[in-house]
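Comments concern the structure below.
What follows is calculated from the coordinates using simple rules that are stated; it is not laboratory data. In this text, all values refer to a predicted model and were calculated from it rather than measured experimentally. Neighbour counts run over all protein chains shown; Cβ positions are idealised from the backbone, glycine included.
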Amino acid sequence: MKKIQAKIQTFAGAMMVPIVLLVLVGFYVGIGSAFTNYILPEGTFLYKLFTMISNLGFLFMNNLQLWFAVAIAFTLAKKEKGWAAFAGLIMFFCYTKGIEGWASLSGWTPETTSVDALMAAGYSQLDALNFNALWSESLGIFSYNMGIFSGIICGLLAAWVHNRLVDTQFPNMFAFFAGAKFVIIVVSLVSIPAAIATYYIWPYIASALQSLTSFISASGLFGTWLFGTMDKALLPFGIHHLIAFPIEYSQVGGTMTIDGVVYEGVRNIINGQAASADATGYLIRNFTSGRILFQLAGLPGATLAMYHCAKPENRKKVAALLVPAVFTLMIVGVSEPIEYTFLFVAPLLYWLVYAPLCGLCYVVAELAKISINGHALFFMIPNLFQPQKVHAMALLWLLPLTFVVYYFAFKFVICKFNLKTPGRGDSEIKLMSKKEYQAAKNGPQGADAVSASNSDKLEVRIIEALGGKDNILNVTCCATRLRVTLKDESLAVPDDVWKGELEALGVVHAQESLQIIYGVRVQNITTSVKDILGMD
């Protein structure tokens, strides 16, 4: 199970790579469309400029499957990541073109799959609409309407082929085609059976997705609560993106026609509404607005409770730990630094109190009909340019109420069960000295030897704490976690050393791999670690 968990965590981390483009979509479409729809007269230079900005956003949004194919391929590759990304690109175009070719041999083209043509061939109107919905045209290729799933499939296949064949060697006569170049050849061939299999299998998957969509819609507020609770409950395992992304960026989250264009997934629908001059508000059941409540009020209330529950002599240290995390949370919505301050010392508080409360925030936001674009202050900037589409007056009383509920719920549970949240003991916030850290890992002699080197740099100490360069197989990261695959996990230092001496907020273990939580600065740490290790 640990091996399976490690693979799922790695895959979930790969899913996070295209997130920067998804952020840009909201800004480019929201701000660009605001200027072209309401502010600037058509035909002016600035109108053309903001039209281009808006079009960039739609470029990112309308081709999500391509970005996922490339991002997943290079993220999951163990070496030669540039070639892996190229393989993902080749795989995607060969795969989708293969589906188009096999479909045309069966008589399905843009003309024959139109609703009118299907009804003329004897389909009922409902059957014609359902079959027509299976198809779409993207990047000039007519294929199944698979959304991000086509990109995920291609990225996984490309990475799988790449990792197995990138070291392939041939005799000198054929050496030009060895290694990474051989991978490109093979992925183009693998795309053929993959496309044929998908042609026959996808209609059943599409039907299952439609059933899932119907369940989410029919389950109402319970479905909303379940989504919000599971999103947080799965966070410690690093796989919460796997339930959020399909709802946000595929037909699982529903579809809506806006200005004649069909948008799939709640985030894409909101972006479509941001671009429309006729839209009067954003989607209410968006599985996002609930985050506003616990990010701007709930977690700050919880941190105040942890501060008041700490020993008086420790409160300054607790404040120094939590206040920067609250600031980061409210500005960009990264909640893990706070969540991990109590997850590892009070897991029951996290799963039995915090996660259900977060699910309740989603329900309350939906009941209050909050309609807004974004869930953290930075991502709400586009709302300033289209305030007429925002319906969020209920936040004026919901935010204080959420703050109070989280504060008293956390304070009661912490005191009632004497949970060792930060500051309620000595070890949780006490930093281990460098000498103690080196002695714990290598013994006194090892400590003296390392101290003679450039061990002051955090990234150097991280590598040593992982068992040294030779023990590290792969290094990646997601939004807040340094993800490392090791040859021998037993060579890594204990968790209290990570949190004491190495500035980590927490550690998650899987088979021969670690996830070390550093918060939003993890990208710079990852880059430095990979530079020191000589990894591409």
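Each label point was placed 7 Å from the Cα along the Cα-to-Cβ direction; for residue 196 and residue 415 their separation is 7.0 nm.
Arranged from highest to lowest average of other beta-carbon atoms within 10 Å per residue, in what order do the peptides 412-425, 83-96 appear? Don't skip to the answer; put the middle values down first.
Values: 412-425: 16.7, 83-96: 24.7.
Most protected by this proxy first, the peptides run 83-96, 412-425.
Please give the residues of the range 384-400, grouped as numeric ranges, whose backbone N is less than 20 Å from a label point set 7 Å along the Cα-to-Cβ vector of residue 221. Only 392-400 pass the distance filter. Rg then Dmax, both in Å and based on the Cα atoms of the range 322-383: 13.6, 38.
For the chain, what is the calculated [θ] at 222 nm in deg cm²/dmol (nearest 500), taking -39500 (n - 2.57) for each run of four or more DSSP H residues and dividing by its residue count?
Numbers: 21 runs with 311 residues, N = 536.
Helix contribution divided over all residues of the chain: -19000 deg cm²/dmol.
Taking the charge dipole of the chain about its Cα centre, with +1 at Lys and Arg Cβ atoms and -1 at Asp and Glu Cβ atoms, the residue from 119, 299, 202 reaching farthest to the positive side is 299.
Say R0 is 60 Å: what FRET efficiency, to the nearest 0.05, do residue 313 and residue 177 get from their beta-carbon distance?
My answer for the efficiency is 0.30.
Cα gyration tensor of the chain, axes a ≥ b ≥ c as square roots of the eigenvalues: rounded (a/c below 1.5), prolate (a/b > b/c) or oblate? Cα axes put the chain in the oblate bin. Extension gain, residue 323-residue 167: 0.36 nm per intervening residue step, less the Cα-Cα distance, totals 51.3 nm.
Might you report the magnitude of the Cβ-based charge dipole of the chain about its Cα centre, with Lys and Arg at +1 and Asp and Glu at -1, to the nearest 20 debye?
Numbers: 37 positive and 34 negative charges, 266 e Å.
Dipole about the Cα centre, nearest 20: 1280 debye.
Annotation note: trypsin sites (Lys or Arg not before Pro) in the range 458-528 located in DSSP loop regions with a Cβ neighbour count of at most 15 within 10 Å are 487.
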